[in-house]
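**Student:** Could you have a look at this structure, given as structure tokens, before my questions?
The values are calculated or read from the model by the stated rules, or taken from the named source; none is laboratory data. Note that the structure is predicted; figures quoted are calculated from it, not measured. Cβ coordinates were reconstructed from backbone atoms using ideal geometry, including for glycine residues, and neighbour counts include every protein chain displayed.
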């Protein structure tokens, strides 16, 4: 028995099981030594980023552990996001354990084992979804992407020795493998139940920067600290937890506890290999939510839970390195001299690949109405396709207004990576990371196969709109070290960087670009069936949410904007203000024999599958609702009576 196994067997609670424990006998010994682990759950992830969660008694698992690890379990896949793959008449899906990643033990702290007094645990095993002998899930797509990237890098370095020389590697035989390293930054809002947001107070607090990096207090502090301590036990190596820009100061109740909590937080943890990073991200989201709930706090991972206040992002960092047979690691993007070049030719190719092909990446990054609510100018969320590498080579800088930025440390070559700022907490990290690395490879191939130097590639990515280059599109600019929101007008941004999509429908039109879409099919990572399934599911979600939730919510807003000026205190200004409001209410919601309201026209467009028209009407509806709320806020300020 090894020392590592002996330590696991003697620990009262175990939190994670690394790949070396997944052998049949080892795993059986560990589970029998920890009777509080009562269940097993296979975690497959569909194309929408939804994960399966079932409770299989550990006794059944141990009865046929060999078969379970090899073939998993069967399920009905017609209820998950595998549209036109797992159909009603062909719904069988196999959930197959992944033996090559970490497994987590999820503890229920509200249910204790009668014999030990310890929480009941569920062994969470990341898994693949197989349908008709084909892996059709998000995890499998990322795994195929990692394998493809690895193979292509080996092939390029073998066939183009100049690239190997630029990395400072003597021979291709010195390389053991390629590691794609990824990390996410998770932002979220936390509040006490049933408290509603005061948008004006939150907006004022944000402008005054009253919350960012301030000290957490009371139940928020306790929940955050417990989260960080437990994540350390899970081995994900948390690096930081802090307040974000959004929030207002809580008040103290008569019990001495905080109430009216409304705060935005962020938790970061150390990078991992790409697939493990995404598994960590998925587990941690649920873990954070349950930990804060034990302290009586609600957590939301919505991208834009409160209008007019900063939304929540999930900045995603992506890098790549070579692992040499002597144990040394070499960053694929770092130049030989960090004080001479920002990145090497491979690094420039990777950045150019993402920027050129972002139209087919974006549908995986931003796929919901909520996500688009976050991507608006003025809230440090990117709205256009442009990158930044820094003002000068010797002083690394961070531009928070661009889509993607270079992160580097001139004293640490392994820190070089790219930060994509558009993802939000509900983005399907598996698919967006897959699409990004596939796009990177497209640019890397261009750089290496054409034997372009770092300086030549820097000139290309810094080109002006209208300047003709070989890889990047002529009429676009791709780099800016300026504040994209302050230093350009809306018209200038659209002209230089392309007009950004404003709705889910507009974003899905990125898949109509056949040339760019082809990069997603490289290495058989995605295919036409998977992409079609994702597109149908995303479109269906967009339509259903508009019909069943967003229009209904906006109707409530219209109804709640009520006439409130009465009696002697009313002025002519109140009358004029109310007339503007009421006209807008009627335009949005009230039908007549001669004219249909905006809401009705939008409903009919969705029902008739006139999605282009529906998209335009959604944009109009959003603008009108914002206008209505602004008008009503002005109207209320002039009233003596409380509403």
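**Student:** Is it fair to say residue 521 is in a helix (DSSP H, G or I), surrounded by 14 or more Cβ atoms within 10 Å (Cβ to Cβ) and free of Cβ contacts under 8 Å to residues at least 60 places away in the same chain? Spell out how you get there, then give the answer.
**Tutor:** Details: in a helix (DSSP H, G or I): yes; surrounded by 14 or more Cβ atoms within 10 Å (Cβ to Cβ): yes; free of Cβ contacts under 8 Å to residues at least 60 places away in the same chain: yes.
When the stated conditions are applied, residue 521 passes them.
**Student:** Can I ask one more? Which count do you get for residues in the range 355-385 that are in contact with a helix residue (DSSP H, G or I) (Cβ under 6 Å, 6 or more places away or on another chain) and farther than 18 Å from residue 424 by Cα?
**Tutor:** 1
**Student:** Something else about it: Go through 86, 91 for me and flag whichever is within 29 Å of residue 144 (Cα to Cα) and surrounded by 22 or more Cβ atoms within 10 Å (Cβ to Cβ).
**Tutor:** Of the residues listed, the single one that is within 29 Å of residue 144 (Cα to Cα) and surrounded by 22 or more Cβ atoms within 10 Å (Cβ to Cβ) is 86.
**Student:** Ok, one more. Taking the stated definitions as given, is residue 354 outside any loop (DSSP other than H, G, I, E, B), touching a strand residue (DSSP E or B) at 6+ places or on another chain (Cβ under 7 Å) and buried (at least 19 other Cβ atoms within 10 Å of the Cβ)?
**Tutor:** Working: outside any loop (DSSP other than H, G, I, E, B): yes; touching a strand residue (DSSP E or B) at 6+ places or on another chain (Cβ under 7 Å): yes; buried (at least 19 other Cβ atoms within 10 Å of the Cβ): yes.
When the stated conditions are applied, residue 354 passes them.
**Student:** I would also like to ask the following. Kindly indicate whether residue 176 is part of a helix (DSSP H, G or I), assigned by TED's automatic domain parsing to the domain that holds residue 423 and surrounded by fewer than 18 Cβ atoms within 10 Å (Cβ to Cβ).
**Tutor:** Details: part of a helix (DSSP H, G or I): no; assigned by TED's automatic domain parsing to the domain that holds residue 423: yes; surrounded by fewer than 18 Cβ atoms within 10 Å (Cβ to Cβ): yes.
For residue 176, the condition - part of a helix (DSSP H, G or I), assigned by TED's automatic domain parsing to the domain that holds residue 423 and surrounded by fewer than 18 Cβ atoms within 10 Å (Cβ to Cβ) - is not met.
Residue-by-condition table, conditions (1) surrounded by fewer than 18 Cβ atoms within 10 Å (Cβ to Cβ); (2) assigned by TED's automatic domain parsing to the domain that holds residue 453; (3) on the phi > 0 side of the Ramachandran plot:
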residue: 71; (1), (2), (3): yes, no, no
residue: 75; (1), (2), (3): no, no, no
residue: 96; (1), (2), (3): no, no, no
residue: 105; (1), (2), (3): no, no, no
residue: 124; (1), (2), (3): no, no, no
residue: 147; (1), (2), (3): yes, yes, no
residue: 162; (1), (2), (3): yes, yes, no
residue: 172; (1), (2), (3): yes, yes, no
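**Student:** A further question on this structure: Looking at the range 584-619, which of its residues are more than 18 Å from residue 505 (Cα to Cα) and free of Cβ contacts under 8 Å to residues at least 24 places away in the same chain?
**Tutor:** Hits for the range 584-619 are 586, 590, 591, 592, 593, 594, 595, 596, 597, 600.
**Student:** For the range 98-133, which positions are over 30 Å from residue 146 (Cα atoms) and in a loop (DSSP other than H, G, I, E, B)?
**Tutor:** Filtering the range 98-133 for residues over 30 Å from residue 146 (Cα atoms) gives 107-121.
Within the range 98-133, 113, 114, 115, 116, 117, 118 qualify.
**Student:** Return only the number of the condition from (1) assigned to a loop (DSSP other than H, G, I, E, B); (2) modelled with pLDDT of 90 or more; (3) crowded, with 18+ Cβ neighbours inside 10 Å that residue 211 does not satisfy.
**Tutor:** (2)
**Student:** Moving on to the next point. From the list 288, 299, 309, which residue is in contact with a strand residue (DSSP E or B) (Cβ under 8 Å, 6 or more places away or on another chain) and part of a strand (DSSP E or B)? So that I can check it myself, show each step before the final result.
**Tutor:** Numbers: 288 fails: part of a strand (DSSP E or B); 309 fails: part of a strand (DSSP E or B).
When all the criteria are applied, what remains is 299.
**Student:** If the Cβ limit is 8 Å and pairs must be 6+ apart or interchain, which residue in the range 422-442 that is in the same structural domain as residue 300 (by TED's automatic domain parsing) and within 11 Å of residue 363 (Cα to Cα) pairs with which residue that is modelled with pLDDT under 95 and in a helix (DSSP H, G or I)?
**Tutor:** These pairs meet every condition: 427/371.
**Student:** Sticking with this one: Among the candidates 539, 472, 452, 530, single out the residue that is surrounded by 18 or more Cβ atoms within 10 Å (Cβ to Cβ), at pLDDT 95 or above and either within 24 Å of the chain's Cα centre (by Cα) or part of a helix (DSSP H, G or I) (or both).
**Tutor:** Numbers: 539 fails: surrounded by 18 or more Cβ atoms within 10 Å (Cβ to Cβ); 472 fails: either within 24 Å of the chain's Cα centre (by Cα) or part of a helix (DSSP H, G or I) (or both); 452 fails: either within 24 Å of the chain's Cα centre (by Cα) or part of a helix (DSSP H, G or I) (or both).
530 is the lone residue from the list that is surrounded by 18 or more Cβ atoms within 10 Å (Cβ to Cβ), at pLDDT 95 or above and either within 24 Å of the chain's Cα centre (by Cα) or part of a helix (DSSP H, G or I) (or both).
**Student:** Within the range 376-406, work out how many residues are surrounded by fewer than 18 Cβ atoms within 10 Å (Cβ to Cβ) and assigned to a strand (DSSP E or B).
**Tutor:** Count: 2.
**Student:** Right, another one. Got at least one residue in the range 331-342 being crowded, with 21+ Cβ neighbours inside 10 Å, farther than 30 Å from residue 424 by Cβ, touching a residue at least 24 places away in the same chain (Cβ under 8 Å) and touching a helix residue (DSSP H, G or I) at 6+ places or on another chain (Cβ under 8 Å)?
**Tutor:** Looking for residues that are crowded, with 21+ Cβ neighbours inside 10 Å, farther than 30 Å from residue 424 by Cβ, touching a residue at least 24 places away in the same chain (Cβ under 8 Å) and touching a helix residue (DSSP H, G or I) at 6+ places or on another chain (Cβ under 8 Å), one finds at least one in the range 331-342, hence yes.
Table: residues versus (1) exposed (fewer than 13 other Cβ atoms within 10 Å of the Cβ); (2) out of contact with any strand residue (DSSP E or B) (no Cβ under 7 Å at 6 or more places or on another chain); (3) within 19 Å of residue 280 (Cβ to Cβ).
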site	(1), (2), (3)
14	no, no, yes
22	no, yes, yes
27	no, yes, no
31	no, no, no
36	no, no, no
48	no, yes, no
55	yes, no, no
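**Student:** Return the pairs, sorted by first residue and then second, in which the second residue is crowded, with 17+ Cβ neighbours inside 10 Å and not in a loop (DSSP other than H, G, I, E, B), the first residue lies in the range 455-476 and is on the phi < 0 side of the Ramachandran plot and not assigned by TED's automatic domain parsing to the domain that holds residue 348, the beta carbons are less than 6 Å apart, and the residues are 6+ apart or on different chains.
**Tutor:** none
**Student:** Quick one: which of 604, 609, 594 is at positive phi and exposed (fewer than 15 other Cβ atoms within 10 Å of the Cβ)?
**Tutor:** Numbers: 604 fails: at positive phi; 594 fails: at positive phi.
On inspection, the qualifying residue turns out to be 609.
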